[in-house]
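Report on one structure; see the data block that follows.
The values are calculated or read from the model by the stated rules, or taken from the named source; none is laboratory data. What you are looking at is a predicted structure, and each value in this text was computed from that prediction instead of being measured. We place every Cβ from the backbone using ideal geometry, glycine too, and count neighbours over all the protein chains shown.
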Amino acid sequence: MLTMKKTSNYFITLEGIEGVGKSTQLSFIRNYLLKSKQPLVVTREPGGTPMAEELRKVLLQKNKEPVTQEAELLLLFAGRAQHIAQVIRPALAAGKWVICDRFTDATYAYQGGGRGMSLEQIAMLEKWVQQDLHPDLVLLLDAPVKTALKRIKRRRMKDRIEMEQESFFQRVRDGYLARAEQFPNRYKIIDARQPCLKVQKQIKSILDELLPNL
Ligand SMILES: Nc1ncnc2c1ncn2[C@@H]1O[C@H](COP(=O)(O)OP(=O)(O)OP(=O)(O)O)[C@@H](O)[C@H]1O
Ligand SMILES: [Mg+2]
């Protein structure tokens, strides 16, 4: 459980399908922790280092050649290896909180759930690349696909992943929910259909549990 942890800085990830409000809540979390005088690093995946951001572009652009599932999965973990070595581990070792917009649970949900790739294979890569590193807390913002996609309908350009069908995102959502069921101690499922302020309030009370000295 979260409270068993010896140190007072945490690795928190935000997860959920596109449009559920991850970036919106990320900025709330950043402000709240800064106000609470916690040192922190805010980052994202795919990406988080200059090289991993280059890989993000490759992953999200509409390529002329078809992208194999294997290439997609390996590019994700290649970027993650850089991100962990350059940003996440050093920040955690320096006593900083790390707040990350998407991480490995997204790989389970998108490549495992969405694309139907082998979860065992993903787990193998996870173990190889991350060893013992896992988020202490995964905030899963959950909403029906229609609700979430409606929120981002006005975006000008869709990236390669956002071009997928609704059924794809349904499988991704199910993939996330299956992960949450498998690791109930690490996951908090938040009803992202609620108005922004209600979602914030819920996240604030979760953070308050981790900030005993406030
Ligand atoms: N609880 C909410 N209720 C209604 N609208 C919301 C809520 N949270 C965020 N939004 C709005 O929905 C849109 C998408 O939010 P946001 O960009 O935070 O989602 P996201 O999960 O980061 O999406 P993506 O995965 O595509 O980056 C924004 O216009 C945001 O203002
Ligand atoms: Mg976002």
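Structure summary
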read-out	value
Spans of helices (runs of 4 or more DSSP H) in segment 38-156 with at least 3 residues free of Cβ contacts under 8 Å to residues at least 60 places away in the same chain	50-60, 69-83, 89-93, 119-130
Odd one out for Glu166 among (1) charged (D, E, K, R); (2) within 12 Å of ligand 1 (Cβ to nearest atom); (3) exposed (fewer than 12 other Cβ atoms within 10 Å of the Cβ)	(2)
Members of segment 21-31 that are more than 9 Å from ligand 2 (Cβ to nearest atom) and either among the aromatic types (Phe, Trp, Tyr) or touching a strand residue (DSSP E or B) at 6+ places or on another chain (Cβ under 8 Å) (or both)	Gln25, Phe28, Ile29, Arg30
Failed item in (1) more than 16 Å from ligand 2 (Cβ to nearest atom); (2) in contact (Cβ under 8 Å) with a residue 12 or more places away in the chain; (3) part of a helix (DSSP H, G or I); (4) farther than 17 Å from Arg80 by Cβ, with Tyr176 passing the rest	(1)
Whichever residue in segment 7-28 is more than 12 Å from ligand 1 (Cβ to nearest atom) and within 14 Å of the chain's Cα centre (by Cα) and, among such residues, is nearest to Trp97 (Cα to Cα)	Phe11
Test: Leu55 is surrounded by 16 or more Cβ atoms within 10 Å (Cβ to Cβ), within 16 Å of ligand 2 (Cβ to nearest atom) and at pLDDT 95 or above	no
Filter pass, Glu166 being without any contact (Cβ under 8 Å) to a residue 24 or more places away in the chain and in contact with a helix residue (DSSP H, G or I) (Cβ under 9 Å, 6 or more places away or on another chain)	yes
Among (1) polar (S, T, N, Q); (2) out of contact with any His (no Cβ under 8 Å at 6 or more places or on another chain); (3) surrounded by 16 or more Cβ atoms within 10 Å (Cβ to Cβ) - the single one Asn31 does not satisfy	(3)
